[in-house]
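Worksheet: the structure to be examined is printed underneath.
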Amino acid sequence: MNTAYTQSPSDLKHLYIHIPFCQTRCAYCDFNTFANREDFMARYVAALCTQLRQLGRDHWLPSADWPQQPLDAPAQPAASLHDLPGPLRRDDLPPTVFLGGGTPTALPLHLYAQVMEAAAELLPLAQAEVTSEANPGTVLDADYLRTLRSLGVNRLSMGVQTLNDATLKVLGRIHTAAEARASYDAARKVGFDNINLDFIFGLPGQTVAEWETALREIIQWDVDHFALYSLIVEPGTPLEAQVAAGRVMVPGDDATGEMYERAIDILGAAGYVQYEISNWARSQAADADPRRVVPAYASRHNIAYWLNADYLGCGAGAHSHRRGWRWADERVLERYARAVESERPPIAEANALTAADVAAETMMLGLRLNTGVGEQHFRERTGSTLDAVYAQELIELIELGLLERDSQGVRLTPRGRMIGNEVFVRFI
Ligand code: SF4
């Protein structure tokens, strides 16, 4: 077995837990998730809890005897909101836990409770932002939701995707728009006061006008947070085969770009603050404070990712980033469980990050935030200044009107945000 890594998880602040079960596979999905494996849930959760507890004892982390050598640099502090340009209201990110998948709400409550009990041994859940993804097609009745709250979940992220029932069918989703609304209302009724809804645009058959209508309808729901993603037709998915065969038509880049622009306009006019390329948070009165950069309902867990902070991921296919290492757990359920049951870390691959990797990731992730990459944040994560690493790239991207810079840092311009990926590759 690998020996303990050099740092105690006592400095752990961000934890991702992967629940790789879904009732069915959606046509567009390429996540590590499995349908019809209810038979494996109890064994999986037992393995997951063992892994969480081993990590809590400082075990099962990549170690100095791993084939690759860790980054030859001092341990980096976890990034904090202080690192964002501009003074902020909150001192730091709170601890965060994110249960994603897959479908965490596919778990029966007694298994969900076991996961939360093990997570509570690593992080103080009462002080943490604890998010669970929730599929409106699973049993999201008042009792289930109330129990989630009592287990410590204080933020829900619901995958609604579209309000068009015919498109939901094409996507292979197991809910209707009415069921999504009912699940959302039920969550509100039992007291969830921090709810994100995921939507996809650029969907098969979708027009800009239909997207606009849907946006105007969902802002009536008084949602706290939206994550809006452009459809990606992933290789190897059933949707890709349907598109290739001409059975399903998806809008072109121009229409999809227009949908994104309409979302920015409509959500902005409705008082939502876009704080990241794909994320909007409901504006609070306190958010009007000019000293405040991150809105109250922003996802703290995702901000930790975008600040290139350290986090642990547990579960089949989960990724971790910590102390100069990135690693991924075994993706296949049986391999993952067998490793844990044999008292071996379920790590499939681990890579020590070079200084160049850390610099590139800090830029690519941080530029997703509207506040961009702060000079101080970059220095703390890399030990170098922006100019020492990227002087030429910055000059060129500013000349192209894709980046802007002031004394505090660099950020995407509105035009740069439209073609973010083209900007990000310049830092690799
Ligand atoms: S519910 Fe989510 S994770 Fe599950 S198959 Fe559908 S898209 Fe994939």
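The values are calculated or read from the model by the stated rules, or taken from the named source; none is laboratory data. Only a predicted model underlies this, so the values are computations on that prediction, with no experimental measurement involved. Cβ atoms come from the backbone with ideal geometry, glycine included; neighbour counts cover every protein chain shown. Please note that ligands, DNA and RNA were not included when accessible areas were found on the heavy atoms of the full protein model with its side chains. Shrake-Rupley method; radii C 1.70, N 1.55, O 1.52, S 1.80 Å.
What to note about this one:
- Residue identified as open to solvent by 10 Å² or more (accessible area, probe 1.4 Å) and touching a helix residue (DSSP H, G or I) at 6+ places or on another chain (Cβ under 8 Å) among VAL115, VAL139: VAL139
- Here the condition is being within 16 Å of ILE17 (Cβ to Cβ), in contact with a strand residue (DSSP E or B) (Cβ under 6 Å, 6 or more places away or on another chain), open to solvent by less than 20 Å² (accessible area, probe 1.4 Å) and assigned to a loop (DSSP other than H, G, I, E, B); of VAL130, VAL97, VAL153, it holds for VAL153 alone.
- The number of residues in segment 132-164 that are in contact (Cβ under 8 Å) with a residue 12 or more places away in the chain, among the acidic types (Asp, Glu) and away from the ligand (no atom under 16 Å from the Cβ) comes to 1.
- Filter pass, ARG344 being modelled with pLDDT under 95 and outside any helix (DSSP H, G or I): yes
- Qualifying residue in segment 291-314 (condition: surrounded by fewer than 16 Cβ atoms within 10 Å (Cβ to Cβ) and free of Cβ contacts under 8 Å to residues at least 12 places away in the same chain): no
- Of the listed requirements (1) open to solvent by 10 Å² or more (accessible area, probe 1.4 Å); (2) modelled with pLDDT under 95, LEU171 misses just one: (1).
- Checked against the criterion of being of a type in the set (Gly, Ala, Ser), within 30 Å of LEU151 (Cα to Cα), part of a helix (DSSP H, G or I) and over 22 Å from the mean Cα position of the chain (by Cα), the candidates ALA209, ALA186 yield just one match: ALA186.
- Of all residues in segment 392-416, those satisfying the criterion of being open to solvent by less than 40 Å² (accessible area, probe 1.4 Å), outside any strand (DSSP E or B) and not polar (S, T, N, Q) are LEU394, LEU397, GLY401, LEU402, GLY416.
- The combined condition, being open to solvent by 10 Å² or more (accessible area, probe 1.4 Å) and in contact with an Asp or Glu (Cβ under 8 Å, 6 or more places away or on another chain), is fulfilled by GLY317.
- Residue satisfying all of: in segment 200-236; in contact with a Lys or Arg (Cβ under 9 Å, 6 or more places away or on another chain) and surrounded by fewer than 19 Cβ atoms within 10 Å (Cβ to Cβ); farthest from LEU267 (Cα to Cα) among these: VAL208
- Near pairs, Cβ below 6 angstrom, 6+ apart or cross-chain, from segment 234-249 (closer than 14 Å to LEU171 by Cβ) to any residue that is assigned to a helix (DSSP H, G or I): VAL248/GLN242
- Within segment 178-202, the set of residues being over 15 Å from MET158 (Cβ atoms) and in contact with an Asp or Glu (Cβ under 9 Å, 6 or more places away or on another chain) comprises GLY202 only.
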